[in-house]
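Encoded as C-alpha cells, the structure appears first; notes follow it.
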Amino acid sequence: MADKKTSLVPRFEILIILVFFISFLGWAANKCSRTKTTLQAENAVSTLDSLEQSDTLSTPAGAIETPPPVIATPMPEPEPQVSKSILYVVIDDLNMRSTPSLNSDVISVFKLFDEVEFMNEVTDSTTQLKLSETIVADEPWVKVKNKKGRVGWVYGAGVHYHRKKYPGL
C-alpha cells in the first residue's frame, strides 16, 4: 500500500497566517489603548478648564447674585439664500422679450456667450421655432435677468448652462 506523504507547506502557510493575525491584533489593541488614553486626557483637561472658568465667574460667599436683565428683542429673520444660476447665450443676437411670445416687445439683444441670470421660471408650453434651414427647435421660454438688471424672456434654445455655440448655427 502506498503511504500518503504529508507536506509541511500547507501547515507552514497556516502558521505564518496565524502569526500575522496575532501580530495584527496586538498592534490594533495597542493603538486603540493609546488613542483611548489620549482622548481621556484631553477630556480631563477640558473639564478642568471649564471648572476653573466657572470658579472664577462664581460670586463670593454671602453675596447676593442678581440675574442679568432680560431684554426681549425679536431676532431678524434671515433672508433666504438664493443661489444665482448663470446661463450663457448660445445663439448670436438673441432677443430678450417682455413676455414669452414672439409678438412681444424686444427689451434687449444678447451677443454670443453673454451671461444672464436664470430667474427660476420657465413656461409650461413650448414654442416651435425654425433656427436655420435644417434646425427646428421646440423649447419653452425662460425668464432671465441681464447685467443691467432688466428682467425678460428668452427662447429656451438660446441659453445653456455651458458656454458653447448652438450646434448647426
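The values are calculated or read from the model by the stated rules, or taken from the named source; none is laboratory data. If you're wondering where the values come from, they're calculated on a predicted model, not measured in any experiment. Virtual Cβ from ideal backbone geometry, glycine too; neighbours counted across all protein chains shown. Calculation scope for accessible area: heavy atoms of the full protein, side chains included, ligands and nucleic acids excluded. Shrake-Rupley method; radii C 1.70, N 1.55, O 1.52, S 1.80 Å.
What the table below lists for this structure:
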read-out: Scope the range 87-102; condition open to solvent by 70 Å² or more (accessible area, probe 1.4 Å) and under 13 Å from residue 159 (Cβ atoms); matching residues; value: 92
read-out: Criterion (hydroxyl-bearing (Ser, Thr, Tyr) and part of a loop (DSSP other than H, G, I, E, B)) met by exactly one of 166, 88; value: 166
read-out: Of residues in the range 110-130 being outside any loop (DSSP other than H, G, I, E, B) and without any contact (Cβ under 8 Å) to a residue 24 or more places away in the chain, the one least open to solvent (accessible area, probe 1.4 Å); value: 121
read-out: Unmet requirement for residue 105, which otherwise passes all of (1) in contact with a helix residue (DSSP H, G or I) (Cβ under 9 Å, 6 or more places away or on another chain); (2) at pLDDT 95 or above; (3) open to solvent by 30 Å² or more (accessible area, probe 1.4 Å); value: (1)
read-out: Checking residue 133 against (1) open to solvent by less than 80 Å² (accessible area, probe 1.4 Å); (2) without any contact (Cβ under 8 Å) to a residue 12 or more places away in the chain; (3) of a type in the set (Asp, Glu), the condition it does not meet; value: (1)
